[in-house]
């Protein structure tokens, strides 16, 4: 009877841990990283291995990558046979440019029971790309067969070909992939990011071929209509402008735009709210950036509802760093 009771206690503990972990993953999806981190601490006390993955993702998202690495390293002392934790450790080391440590972590992941080889090899190919081993990246990408990783693989392949000066091959692959992806609204967030990066790569290829910068910028802005806050596309826009200033400030803005009754393409709305992260000299210039992405004709209808000023580096370029979807109101 004692053994049965002990088993029941363990099962109850496992169910509680799994429920807490599900809550923590939901917090991560919602960007509530502090809450997820608190749950990860509880899970660690319960000796639940997902604690280390959850805590590391939360810490990294909060900008504490080194602390995330320390947490995972500690987790390896508790359980060194969880491939997802090794993969995450490799990703974090890769982000820190610790390429040898990242490579070792990925190799450890591949020895674990139940490992998804294609997932680890995709991240290993990214490591090779970052370490400028472009041919190694291409060889490894050719071994990945899981269609779930197709867009990510194509993204790294295009970037590697571009860096190997195989410009036409890279451009052809990017154009072919973009043409086959008609409904990007159906893509997962991961695949949407990958499509945005390969689109930005195609923009860089256009620039390398001598196309007019402003025409390329217009083309990129058109791509941002569907992929509104892709980091690679926003970075390319800033790179094309390439403007810095010692007077800059980093603003987080909530902007209201009141829509005119005449010529309102959003016929069911009186206005909308939208959020932006922008580096600009002042709030007036920040609104100019907003109008460039929204509608220049509505610049006079825009007003700032909330503003938060953050620190920035003098080397940061002026422009848009993030933007939200519109929230309309009647």
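For the stretch 1-157, the spread of Cα positions along the three principal axes, ordered from largest to smallest, is 60, 34, 27 Å. Against the chain, whose longest principal axis comes from its Cα atoms, helix 167-180 is set at around 90 degrees.
Short version: what are the Cα gyration tensor semi-axes of the chain, square root of 5 times each eigenvalue, largest first, in whole Å?
Values: eigenvalues 306, 157, 72 Å².
Semi-axes, largest first: 39, 28, 19 Å.
Compared with the dominant principal axis of the Cα atoms in the chain, helix 65-78 is inclined by about 20°.
When you count, for each residue, the other Cβ atoms within 10 Å and take the mean per peptide, how do 161-167, 300-306, 35-41 rank with the highest first?
Values: 161-167: 15.9, 300-306: 13.1, 35-41: 20.3.
Top to bottom by mean Cβ count within 10 Å: 35-41, 161-167, 300-306.
Among 247, 169, the ranking by other beta carbons within 10 Å of each residue's beta carbon, starting with the fewest, stands as 247, 169. Return one number: the angle in degrees, 0 to 90 and rounded to the nearest 10, between the long axis of the Cα atoms of helix 213-223 and the longest principal axis of the Cα atoms of the chain. With both axes taken from Cα atoms, the answer is about 60 degrees.
Sorted from fewest to most neighbouring beta carbons within 10 Å, what does the list 143, 244 look like? Don't skip to the end; give the middle numbers.
Working: 143 11, 244 14.
With the fewest neighbours first, 143, 244 line up as 143, 244.
Of 43, 225, 253, the residue with the greatest mean-square motion in the GNM of the chain, using alpha carbon springs below 10 Å, is 225. Packing around the peptides 92-99, 189-196, 47-54, taken as the average count of other Cβ atoms within 10 Å per residue, puts them in this order, highest first: 47-54, 189-196, 92-99.
Taking Cα centroids, how far is the stretch 169-233 from the stretch 267-330 in Å? Comparing the Cα centres of the stretch 169-233 and the stretch 267-330, I get a distance of 22 Å. Each principal axis of the Cα cloud of the stretch 146-242 was evaluated for its coordinate range; sorted largest first, these ranges are 37, 29, 19 Å.
Computed on the Cα trace of the stretch 106-155, the radius of gyration divided by the Kirkwood hydrodynamic radius gives Rg/Rh = 0.96.
Every number here is computed from the coordinates shown, using simple stated rules; none is lab data. Quick caveat: nothing in here was measured; it's all calculated off a predicted structure. Backbone-built Cβ (ideal geometry, glycine too); neighbour counts: all protein chains shown.
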